[in-house]
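This report refers to the structure that appears directly beneath it.
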Amino acid sequence: MADIKISVSVSVIVCIIVGELVSSLWYHYRAPWYGSRYLLTAVIADAGLVVILKYITQKYYRVTYRTYEAAAWLAGGITLLFACLEAPHVVHNTHSLWDFTFHALHKFLLVFIVSLVMDYCDKHF
């Protein structure tokens, strides 16, 4: 069984802040795909994402901030997993596919940026 060690470091805190900043900019009130967001649950979700990404990038798939391609492949794989898990939900109106596409793009962007920032912070802080 794999041991998961959760430690709070500068890179973890910076990645949580960057993740929330990316999400806040993506889901600002003028965006056509704007929805309700709760800050506490968003920060908890960002913290969970950072811990999972840290585990994946340390144990299985190395991402460096100088190679964007590895981060893009990791983000693409996680986004595909998200899309497969979320796709079978009910379509509420004609904008559901549009909203789903932008949610999936948000997940790609979030994983891509957080994985690059995490590696940069681990090396420089």
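Helix-only estimate, please: 222 nm mean residue ellipticity of the chain, summing -39500 (n - 2.57) across DSSP H runs of length 4 or more and dividing by its residues, to the nearest 500.
On the way: 4 runs with 86 residues, N = 125.
It comes out at -24000 deg cm²/dmol, rounded to the nearest 500.
In the chain, with Lys and Arg counted as +1 and Asp and Glu as -1 at Cβ, which of these residues, Y29, I113, T79, has the Cα nearest the positive end of the dipole, that is, farthest along it?
I113
Could you tell me the center-to-center distance, by alpha carbons, between region 100-117 and region 39-97 in angstrom?
Centre-to-centre distance over Cα atoms comes out at 6 Å.
Nothing charged except the Cβ atoms of Lys and Arg (+1) and of Asp and Glu (-1): what's the magnitude of the dipole of the chain about its Cα centre? Round to the nearest 20 debye.
Details: 9 positive and 8 negative charges, 36 e Å.
That gives a dipole near 180 debye.
Taking only the alpha carbons of region 10-124, what extent do you get along each of the three principal axes, in Å, biggest first?
46, 26, 20
Where a number appears in this text, it was derived from the coordinates with a stated rule and is not lab data. Because the structure is a prediction, the values reported are computed rather than measured. We place every Cβ from the backbone using ideal geometry, glycine too, and count neighbours over all the protein chains shown.
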